[in-house]
Amino acid sequence: MRLSNLTLAQVRAPVRTPAYDRTATRVGVVHFGPGAFHRAHQAWYFDRMLAWQPDLAICAVSLRSPDVRDALAPQNGLYALAEKEADPAVQVIGSIAEVLVAPEDPEAVFARLDQARYVTSTVTEKGYCLTTGGELDLGHPDIRRDLETPGRPVSLVGWITEALRRCKAAGRPPFTTISCDNLSDNGLKLRRGVIRFAEARGEVDLAAWIEAKAAFPCSMVDSITPATDDALREQVAAALGLTDAWPVQRERFVQWVVEDSLGADAALFARAGVTVARAVAPFERAKLRLLNGAHSTLAYAGLDLGHETVSGAMGDPRLASFVERMMRQDVAPSLDAPELDVPAYVGEVLTRFRNPAIVHRLSQIAWDGSQKLRFRLLETASEALAAGRPVDRLAVGVAAWMRFVVRQHRAGAALVDPLADTLAAVAASCDGSDADVDRFLALESVFPPALVGQHPFRSAAAHAYADLEAALKL
Ligand code: CS2
C-alpha cells in the first residue's frame, strides 16, 4: 500500500506525521522547482509553520518535468523525509498541497500565484539566466522567448514578472519572493532581473512598482541532500509500512537564513527555526565559499583520484587536508562575518562531510560546474587577488573541473551542464598541454574577464591542470 491521505493514519510509529489537519490548510506559498532540496528543506520549515499558521501550504510548480507531480499526485503530495545520521529518523511531510507542471496549465499556476503570500524558488544557478556580471542575460533563449510571449512564461524571471503584473493590475499587494538557490546575493540578483525584464517588456510603470513595493529578501539555504536512491525507498517503506514513490533524504543539520523583510511573519519563521537576519550576505558568503567551494573542489579532485562519495574523498588524507587548508587559509580571510565563528564553522562543515550515514555522490556535486564555480571559487579568487593574497589552492578545484570535463568527453560520457555542447567542443580541442587551460579560461560565460587576465590565477590553474596530485600538496 502507498502513502496518501487515506493511508496516513496507518504510518507506523515512531515516524512523525503532520501535526495539523491537512484539510484545513490553504495554499499561500508557490514554489518553483520541487526537487529533492526543496522537499527536504523549505517544505520541512513550512510543514512546521503549518502547525501554527494553516494558510502557508505549498503549491509546488515544476517548470518542465512532470516527474515529481506524477510521483506525488497519487500520494496527495505526501512524502517521507529521512534524516541520515547514526540514529536515523523518518517523518512524513504534508506541506505540499499540490504539484503543478507549468507548461500543462499556465493559468492554474497564475491562479495560485494570485493567492500567494510567498514565492520561493530552487531552480539552480542556471535558472536565473544571468551573465557573468550577475545581470539578466537578455540574449538567453528562455528570456527571449518570454519577451515574445510574456503571458506563457518559461523562465523563473518571466513567471514572477507576469505574476506581479497581474497583482498590480488587480490592485493587490505584491507577494514576497525568496530565492533559495546557491547564488551570492540571490535576492538582489533576482530582483534586478525581474525589474530589468519588466523594462525590456516595455512595462516601465510595472518596473517602478516592483522596485518600490515588492520584497526579494536574500536567503542562505543549507542542508546536504543526496539524490534519492533505491536504498532510501526501501528504508522508508520499512519505516512507514507503506511505499513512497519519491522520498527524500538529508543530514539532520538544516539552516535557512532569510533577510528580514517578512513583516509580521518574521516571528513565525523564527519559531519554525529560520534565522531572520538583517544581513544575509555574511552567512551566504561563508556557506557558498567554505561549504560549496570545498564541495566542488572535493568533487572534481576526488573523481580524478577515483573516489565516488564525499565521505570517501574525505577519507583520503590528500584531499581532506587540502580542502581544510584551502578553507582556513584561503577562504576564511575573504569573509567578513563578525557574527560567525569561522574556525568552528569550518570544523562543523568538515564533520558534516565525513558523515558516514550520508552517501553523497561526487558526480551529483559535479553537475553544472560552469554555473557553480563563479560563486564557489572564482569570486573568492578575484577578491584574494585584489587583496594581494595567493590563489594557488583556490585554482585547484577550477583546474580539476577542466580535467573532469576533458575526461568525461574522452570517455564519451554526457556532461550534465547547460553549457555541455560548448564544453564538449573545448574538450575536443584539448591535448593535455598548458594551452588547454587558456581554451577554458576563454569561456566568457564562465570566467569573469578580470580574473582571467591575471597571471597568478592562470599560472596556478595551469600548474594544477598539469599535475593535480602535486597541486594537492600546496
Ligand atoms: C552541493 C550542494 O550539489 C552541490 O553542488 O554542493 O547541493 C550542497 O550539498 C548544498 O548546498 C548544502 O547545503
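Computed from the coordinates by the stated procedures, all read-outs in this text should not be read as laboratory data. Everything numeric here is computed off the predicted structure, so don't read it as measured data. Positions of Cβ are generated from backbone atoms using ideal geometry, with glycine treated the same way; all protein chains shown enter the neighbour counts.
Dividing the summed helix terms, -39500 (n - 2.57) for each DSSP H run of n ≥ 4, by the number of residues in the chain produces a 222 nm estimate of -12500 deg cm²/dmol to the nearest 500. Compactness ratio for the stretch 230-364: Cα radius of gyration over 2.2 N^0.38 Å (N = residue count) comes to 1.25.
Taking every alpha-carbon pair within the stretch 25-86, the share separated by more than 13 Å comes to 65 percent.
Between the amide H of VAL276 and those of VAL258, distances stay under 5 Å, these residues lying 5 or more places away or on another chain, with hydrogens modeled in the peptide plane.
Rounded to the nearest whole Hz, the Karplus-based 3J(HN,Hα) values (6.51 cos²θ - 1.76 cosθ + 1.60, θ = phi - 60°) of the stretch 415-426 follow the sequence 9, 8, 6, x, 9, 3, 5, 4, 5, 5, 5, 5, with x at glycine and proline. Residue-wise HN-Hα couplings along the stretch 339-348, as the Karplus relation 6.51 cos²θ - 1.76 cosθ + 1.60 with θ = phi - 60° gives them from phi, are 7, 10, 7, 4, x, 5, 4, 4, x, 5 Hz; Gly and Pro carry x. Based on the convex hull around the alpha carbon atoms, the stretch 8-277 presents an average projected area of 14.0 nm².
Taking all Cα pairs closer than 8 Å and separated by 6 or more residues, the relative contact order of the stretch 8-277 comes to 21 percent. Calculated on the alpha-carbon coordinates, the convex hull of the stretch 114-231 measures out at 132 cubic angstrom per residue. If you plug the beta carbon distance of ARG152 and ASP205 into 1/(1 + (r/R0)^6) with R0 = 30 Å, you get a FRET efficiency near 0.85.
Straightening the chain between ALA9 and GLU104 buys 30.9 nm, computed as 0.36 nm per residue apart minus the Cα-Cα spacing. Taking a ≥ b ≥ c as the square roots of the eigenvalues of the Cα gyration tensor, the stretch 33-139 is prolate, since a/c reaches 1.5 or more and a/b is larger than b/c. What the phi angles of the stretch 118-123 give under the Karplus curve with 6.51, -1.76 and 1.60, with θ = phi - 60°, is a coupling list of 10, 10, 10, 8, 9, 10 Hz, glycine and proline written as x. Under a model in which nothing but the beta-carbon of Lys, Arg (+1) and Asp, Glu (-1) is charged, the stretch 8-277 shows a dipole of about 460 debye around its Cα centre. When Rg and the Kirkwood radius Rh are both evaluated on Cα atoms of the stretch 281-471, their ratio Rg/Rh stands at 0.94. Remark: the ARG354-TRP367 segment gains 2.6 nm on full extension, using 0.36 nm per residue and subtracting the alpha carbon distance.
In this simple spin-label approximation, VAL416 and ALA466 carry label points 7 Å from Cα along the Cα→Cβ vector, and these lie 3.4 nm apart. Remark: SER65, SER95, SER459 ranked as SER65, SER459, SER95, counting other beta-carbon atoms within 10 Å and listing the fewest first. Averaging 1/r over every pair of different alpha carbons in the chain and inverting the result gives a Kirkwood radius of 23.1 Å.
Across every pair of non-identical alpha carbons in the stretch 391-474, the mean reciprocal distance, once inverted, gives a Kirkwood radius of 12.9 Å.
For the pair the stretch 270-325 and the stretch 416-431, the centres of their Cα atoms are 26 angstrom apart.
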